[in-house]
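The values are calculated or read from the model by the stated rules, or taken from the named source; none is laboratory data. Not measured: the values here are computed from a predicted model. Heads up, the Cβs are rebuilt from the backbone with ideal geometry, glycines too, and the neighbour counts pull from every protein chain shown.
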Ligand code: OGA
Ligand code: NI
């Protein structure tokens, strides 16, 4: 989460979307309007109720009993999900409902505060922590129909304590509790992912060192012309794993690119959406995919997501794992690099599909 030199970046006027719809509910300023080609083909919601058109669901309760038939069946499902979709939802994850509800409550209260209060925690141009819009680097860049609040959580050195809000009450405590649970979940998932690849359980944990964890809360207000805008531009995540919580009774908004079509992800009660980030794609030499995704908005209802990015320590050197490379049949696709350098590269460029991974690709 290293900042860029602020003085060199001119981002122009960035409207706060919540304020915008309060003052002019039916107007969509030019800077939010996307080109036709950016909007893409979407699988109709009728089709998405079909199993083929939904990201896989992994039942974590089946993975708590190693090494039964159920366990291996679920591991197989997990490996297929990571290869075919780069996305899955987990159910029965064991995180208490209160922890999930509490973070949702304070996040909602945060976005509901007056703008002056939220502006006490500004995301400065070129940085990615605080309240505002991230990944904006020029005056003519299109804006997403979204307000964001992002914080570095772990290790403590990446925190910017000035940005941890004093209001709403309980925000920091709830975020700490939530982040601890999500951290445990990520460690658990990485174990299962290692097993699914035929590796030792602790492989990722050992490699990652003191893992970096950051949270971003995305608030998507309703939009009078949802077809003209995007909630969040298409991108892949720079993390190893991402955990996405959609607020209760959340409408559909997240879309995953599959076979050149945007597939909406239907929220499951008490489910969490997990996706493979760029780091796991590189480590597995492309076997597990960091898949492009985006968020759209709708006319009636706001949508809130709480997204955790889990990644190796900045010191760690990343390269495809030797077990997953074979000079003859599966040559190495990515070069070796420092994860801190990759993070810096990621946050200093606008979101643009999978372009950030060009940083590491070996071009033939
Ligand atoms: C993200 C992301 C999707 C959403 O924050 O990286 O992909 O639905 N969010 O909020
Ligand atoms: Ni994402």
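Residues that are modelled with pLDDT of 95 or more, more than 16 Å from ligand 1 (Cβ to nearest atom) and crowded, with 16+ Cβ neighbours inside 10 Å: does the stretch 144-156 have at least one? Yes, the conditions are met somewhere in the stretch 144-156.
Filter the stretch 246-273 for residues that are touching a helix residue (DSSP H, G or I) at 6+ places or on another chain (Cβ under 8 Å), under 29 Å from residue 26 (Cα atoms) and either within 11 Å of ligand 1 (Cβ to nearest atom) or in a loop (DSSP other than H, G, I, E, B) (or both) and give the result. Answer for the stretch 246-273, where residues must be touching a helix residue (DSSP H, G or I) at 6+ places or on another chain (Cβ under 8 Å), under 29 Å from residue 26 (Cα atoms) and either within 11 Å of ligand 1 (Cβ to nearest atom) or in a loop (DSSP other than H, G, I, E, B) (or both): 247, 248, 252, 264, 266.
Among the listed residues 243, 256, identify the single one that is touching a strand residue (DSSP E or B) at 6+ places or on another chain (Cβ under 8 Å), within 17 Å of residue 93 (Cβ to Cβ), at pLDDT 95 or above and within 13 Å of ligand 2 (Cβ to nearest atom). One residue alone meets the criteria, 243. For the stretch 39-60, the candidate set comprises residues that are surrounded by 13 or more Cβ atoms within 10 Å (Cβ to Cβ) and assigned to a helix (DSSP H, G or I); within that set, the residue that is modelled with the highest pLDDT is 60. Within the stretch 265-283, the residues that satisfy the criterion of being more than 15 Å from ligand 2 (Cβ to nearest atom), under 16 Å from residue 89 (Cα atoms) and either crowded, with 19+ Cβ neighbours inside 10 Å or modelled with pLDDT of 95 or more (or both) are 267, 271. Picking from residues in the stretch 325-341 that are outside any loop (DSSP other than H, G, I, E, B) and out of contact with any strand residue (DSSP E or B) (no Cβ under 7 Å at 6 or more places or on another chain), the one that is surrounded by the fewest Cβ atoms within 10 Å (Cβ to Cβ) is 326.
Yes or no, residue by residue, for (1) within 14 Å of ligand 2 (Cβ to nearest atom); (2) surrounded by fewer than 18 Cβ atoms within 10 Å (Cβ to Cβ); (3) not in a strand (DSSP E or B):
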position	(1), (2), (3)
285	no, no, yes
291	yes, no, yes
299	no, yes, yes
308	yes, no, no
314	no, no, yes
320	no, no, yes
